[in-house]
Amino acid sequence: MFLAGGLLAASLCFGAPTDPSQSTNIFKPLSTPAHSIFHLSMLVLAITGAIFAVVFSLLAYSVAKFRKRADDDGREPAQVYGSNQIELAWTVIPILIVLVLFLATARVIRSIQDAPQPPGAIEVTAIGHQFWWEFRYPALGVVTANELHVPVSNPANSTPTFLTLLSADTDHSFWVPRLAGKTDLIPNHPNHTWIDPQETGLYLGQCAQYCGTQHAKMLLRVYVDSPEQFKQWVEEQKKPAVGNDAVAEGRHIFETTACVNCHAVAGTVANGRFGPDLTHLMSRDTIASGVASNNRENLRAWIQSPDSIKPGSLMPAMQLTDHDLDALAAYLVTLR
Amino acid sequence: MSSETIALSTVGPDARPIGERLHDWVVTVDHKKLGILYILYALFFFVVGGVEALIMRIQLIVPHNHFVSPEVFNRMMTMHGTTMIFFMVMPVLFGFGTYLIPLMIGARDMAFPRLNAFSFWMTAFGGLLLYFSFIGGNGLYGAGTAPEVGWWAYAPLSSRAFSVGHSTDFWTLAVLATGVGSVGTGVNFIATILCMRCPGMTLGKMPLLAWLNLVVGGMVIFGISPLTAAQIMLCIDRYLGGHFFDTQAGGSAVLWMHFFWIFGHPEVYILVVPAFAFVSEIVPVFSRKPIFGYPIMVAATIAIGFISFSVWAHHMYTVGMSSYGNTFFVFTTMAIAVPTGIKIFNWLGTMWGGKIQLRVPMLFCIGFLFQFLIAGLTGIMLGATPFNWQLSGSYFVVAHFHYVIVGGIVFALFGAFYYWYPKMSGRMYNETLGKWHFWLFIIGFHLTFDFMHIPGILGMPRRIYTYEPGRGWETWNSIVTIGAFFQAAGILVFVVNLLWSLRKGEPAGNDPWDAWTLEWSTSSPPPDYDFAATPVVRSRRPLWDLKHPEDPDWKYE
């Protein structure tokens, strides 16, 4: 109990981040899979806690009670070789406990893993790249990066999001602790997971399978929108990029340098797929997979020297003059 | 057994020049010398791996720290894991096994002394090969680099596309070479234990240490082979254009995981069963009682040996197996908790009603029991698939397996060091320094690994070189790092104790613990031939029989 209670208390009280939206605590679930896991966890913690209390007491008692005293007579204690009845007891009782744990676990595995996909579900394909996330909504015609938008789901009108997980390079793992357990993204091995967040807001996570140099900065943000917000977001994302003559110079630089080899801007010649789609770059709060906030200064710094923000990222330093850099940044901030 | 055995086996100091004596160590096929070589070699890598751990912990003491670059951190993480598993814990356990098994079964050497030497030198060569990557990883003209693929070297990160240069090849070849050595040791353990026992020592009268190492020998042969096969396949992929694990050409990343973990999980038991063996020898002697339930202890070990080969995919719950696959591995994983639990209960049964002497070896064994209990329980949490979907790949897992390996295996190992040091060196260790070591290390251990569970629950993944502030991870990481330095201080005291006692320790005599197994019937350190006359035994505790002729064990067994 004390192990379970201690861990729980510590993680719930002392571990609380100052800003609750920053929390990635697995014991603060807000989606069905995370909830089911939480309830199973409590059962497992209670059982293991009870075992701990019993065995620890026996150990502490043995050491305290049977330690050699200062006034010991020097004789050997009674030589006991074993007892079949006792052995039987401490074989059968653990078997029964294990059986309970097994059955409870098997039930939750099925309820999460084999949950049927309801007709109203949103389908998203998440593709892991060294060191960023690509999100595609095949039915809605939307492509975005690093910041996943999904509608809130309430029990009356369930709109869960079902994700197909793919990888473009090495293994990654999709983990947003308050929404669901993790599932790996493995090349040549499509995986599936689902979430149905019950409150709007921002949920944080990050890649949980070592994927190379910048595994640490492959952060993940899930925005849970109200149905109206989500609809509006989809409409915005479906539009091609807005042309703006005031930034024609920056656009020219973008389209005539290596940028287009990796990045796409819908409605222009840029159709690279190695890096994030930039059609609606400024609709995102962060760049470099959640590492820096998305503003003109950071964009400029990122293009000039990605290593200053995320050493080891696969974005090359573009070696532009200050003038070109300013023009390019000015173009990028119009991609709303 | 005659009393002559003891009288005949005293050895004088070696007066030959140092060059000749060192030459002896290099060409030796003596199980005692090879055992000590294994142990010293492992201690060296223990320090190296420990320094790598400290570098990682300094980097993680605060968020967004710049102590090392991500590349260096990832190398440290890979080298720490590989070093500690393959070049510290395995060799040190093989070292104790090689040293003790012949002495405990009344033999004069291992069944295959030259294979024994070959195995050690293969392992030693593997370690050198791994660390040569620091010089040769980028080619000699480059600055050198260690592998940065993690100690599992998951595909396709280990393919040529993602691991350029030779660092991953050094890793592969090092693990392959060591694997060959380990299989040799496994074969040798089995042959020695089955064929070299002294008259009267039936299988049912072997010390538990011999029994447990017999099981380890079997697990090594069947557990290491898939790993060696996988390394050969990886070499074929990297150099001969094979596509076993090359996902860009249709290979399978999951195949590597299966190969790795069908080695990886039995490996946990290959490491922990010898630790069980130490505890099964030390706890009875310091409780002054025979081991409780000897036949059940043997049966539980054999059960662990078999079941350990059916649980590997519990390392792969997040890989996307079917719900039926996941359920099967929950069953086997939960099942292995039963024989493991039985072992803990039997050790408690041994202590119950005894007269427990709290000497340093026993203190470490009590620490082992406490920590191994918790490690087992967090193991059950991780075994429950859905809970695992949250916990795997997080710091909770890192805390769990360090609880097993440090809290369990390393504690039992320190117990073994203090218990058999008098036999190996002929001198007693310093009890005060030993207690300092124990308390510094156990405080450091709990500061580090108790608090490491919490950031895992709070969503902190493992293998990240830095982390974001504001998620409630900062305090825990600072405490963890402070604990690591307490552990390092404990290790320092331990090393000082070993060196100091070698010259200044009290002479130990043949049997300083009033113990019961055959190694204590010969001199300390034992002569080259171990026993002047082959001992004959009638029970599991031959020296008890000798010391208590009025109440010998063989009347009851």
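Every number here is computed from the coordinates shown, using simple stated rules; none is lab data. Just so we're clear, the structure is a prediction, and the values are computed from it rather than from any experiment. With ideal geometry, Cβ positions are generated from the backbone for all residues, glycine too; neighbour counts draw on all protein chains shown.
Once Rg and the Kirkwood radius are both taken over the C-alpha atoms of chain B, their ratio Rg/Rh works out to 0.96.
Between 0 and 90 degrees, rounded to the nearest ten: what's the tilt of helix B:411-425 against the longest Cα principal axis of chain B? The helix B:411-425 is inclined about 40 degrees to chain B.
All other residues with a Cβ under 11 Å from the Cβ of B:Thr202 taken together, and with Lys, Arg as +1 and Asp, Glu as -1, what is their net charge? Mind dumping the intermediate values first?
Working: positive: B:Arg197, B:Lys205, B:Arg538, B:Arg540; negative: B:Glu557.
Around B:Thr202, the surrounding residues sum to +3.
For the residues of A:27-38, the average number of beta carbons from a partner chain within 10 Å of their own beta carbon is 2. Roughly how tilted is helix B:360-383, in degrees to the nearest 10 and between 0 and 90, from the longest Cα axis of chain B? Orientation of helix B:360-383: about 40 degrees from the principal axis.
Hey, got the dipole for the range A:245-332? About the Cα centre, +1 on K and R Cβ, -1 on D and E Cβ, debye to the nearest 20?
On the way: 6 positive and 10 negative charges, 61 e Å.
About 300 debye.
Model label points for B:Trp439 and B:Arg114, set 7 angstrom from Cα along the Cα-to-Cβ axis, are 5.3 nm apart. Applying 1/(1 + (r/R0)^6) with r as the Cβ-Cβ distance of A:Ala156 and A:Leu43 and R0 = 41 angstrom yields a FRET efficiency of 0.90. For chain B, the longest principal axis of the alpha carbon atoms and the long axis of helix B:431-457 meet at an angle near 30°. Partners of A:Lys28 within straight-line reach, counting lysines whose Cα lies under 28 Å from its Cα and excluding those fewer than 8 residues away in the same chain: A:Lys182, A:Lys217, A:Lys231.
Note that the range A:245-332 carries a Kirkwood radius of 13.1 Å, evaluated over its alpha carbons pair by pair. Rg over Rh for the protein assembly as shown works out to 1.02, using Cα positions for both radii and the Kirkwood form for Rh.
If I build a Gaussian network model for chain A, linking alpha-carbon pairs within less than 10 angstrom, which residue out of A:Leu101, A:Leu219, A:Leu30 has the largest mean-square fluctuation? Between A:Leu101, A:Leu219, A:Leu30, it is A:Leu101 that shows the largest mean-square fluctuation. Put in line by how crowded their Cβ is, counting other Cβ atoms within 10 Å and starting with the fewest, B:Thr340, A:Thr91 read A:Thr91, B:Thr340. Given their separation in residues at 0.36 nm each and the Cα-Cα distance between them, B:Ser478 and B:Phe134 gain 120.9 nm when the chain is fully extended. Exposure proxy ranking for A:Cys207, B:Cys235, B:Cys195, based on other Cβ atoms within 10 angstrom of each Cβ and starting from the fewest, stands as B:Cys195, B:Cys235, A:Cys207. Between the range B:157-188 and the range B:361-399, what is the separation of their alpha carbon centroids in Å? A separation of 28 Å, based on Cα centres. Roughly speaking, what is the centre-to-centre gap between the range A:213-264 and the range B:444-497 when only Cα atoms are used, to the nearest Å? The two parts, judged by their Cα centres, are 39 Å apart.
Exposure proxy check: A:Met318, B:Met424 ranked by fewest other beta carbons within 10 Å?
Numbers: A:Met318 17, B:Met424 21.
The most exposed by this proxy come first: A:Met318, B:Met424.
Only Cα pairs under 8 Å and at least 6 apart count here; give the relative contact order of chain A as a rounded whole percent. Working shown, then result.
Working: 566 pairs, mean separation 51.7, N = 336.
This gives 15 percent for chain A.
Its Cα centre serving as origin, chain B has a Cβ charge dipole (Lys and Arg +1, Asp and Glu -1) of approximately 400 debye. Compute the separation of the alpha-carbon centres of the range A:48-95 and the range A:113-148 and state it in Å as a whole number. Between the Cα centre of the range A:48-95 and that of the range A:113-148, the gap is 55 Å.
Within a straight-line Cα-Cα reach of under 26 Å, B:Lys555 can be paired with the following lysines, leaving aside sequence neighbours fewer than 8 residues apart in one chain: B:Lys205, B:Lys289, B:Lys343, B:Lys355, B:Lys547.
Summarise the partner chain shielding of A:302-313 as one whole number: the mean count of Cβ atoms from other chains within 10 Å of each residue's Cβ. Can you show the working numbers first?
Values: counts 0, 0, 0, 0, 0, 1, 0, 0, 1, 5, 5, 1.
Mean partner-chain Cβ count within 10 Å for A:302-313: 1.
For A:Gln85 and A:Ala50, the FRET efficiency from 1/(1 + (r/R0)^6), where r spans their Cβ atoms and R0 equals 22 Å, is about 0.45.
Mean Kyte-Doolittle of at least 0.0 plus a Cα span of 24 Å or more along the axis: flag which DSSP H helices in chain A meet both, please.
A:32-65, A:84-113
Comparing mean-square fluctuations of A:Val143, A:Val54, A:Val242 from a GNM of chain A with C-alpha springs under 10 Å, the top value falls on A:Val54.
Comparing mean-square fluctuations of A:Ala270, A:Ala64, A:Ala145 from a GNM of chain A with C-alpha springs under 10 Å, the top value falls on A:Ala64.
To the nearest 20 debye, what charge dipole does the range A:122-220 have about its Cα centre, counting +1 at the Cβ of each Lys and Arg and -1 at the Cβ of each Asp and Glu? Present the calculation step by step, with values, prior to reporting the outcome.
Values: 4 positive and 8 negative charges, 23 e Å.
Dipole of the range A:122-220, to the nearest 20 debye: 120 debye.
Using just its DSSP H runs of length 4 or more, each adding -39500 (n - 2.57), chain B gives a mean residue ellipticity at 222 nm of -22000 deg cm²/dmol after division by all residues. When DSSP beta bridges are restricted to pairs lying wholly in the protein assembly as shown, around 70% turn out antiparallel.
To check you understand DSSP bridge types, tell me what percent of the beta bridges within the range A:122-220 (both residues inside) are antiparallel, rounded to 5.
Working: 21 of 28 bridges.
The antiparallel proportion sits near 75 percent.
Counting Lys and Arg as +1 and Asp and Glu as -1, what is the net charge of the other residues whose Cβ lies under 13 Å from the Cβ of A:Leu320? Kindly include the intermediate steps, with their values, before the conclusion.
Numbers: positive: A:Arg300; negative: A:Glu249, A:Asp322, A:Asp324, A:Asp326.
With Lys, Arg at +1 and Asp, Glu at -1, the net is -3.
Since only B:Val273, B:Met297, B:Tyr38 are under comparison, the one whose Cα sits farthest along the positive direction of the charge dipole of the range B:30-555, derived from C-beta charges on Lys, Arg, Asp and Glu, is B:Met297. A helix-only calculation puts chain A at -11500 deg cm²/dmol for mean residue ellipticity at 222 nm, using -39500 (n - 2.57) for each DSSP H run of at least four residues, averaged over all residues. Bridging of B:Lys435 to aspartates and glutamates at a Cα separation below 19 Å is possible for B:Glu506, once same-chain residues fewer than 8 apart are set aside. Here is the P(r) of the range A:43-176: all C-alpha pair distances, binned every 5 Å from 0, give 2, 7, 9, 11, 10, 9, 8, 7, 7, 6, 6, 5, 4, 4, 3, 1, 0, 0 in whole percents.
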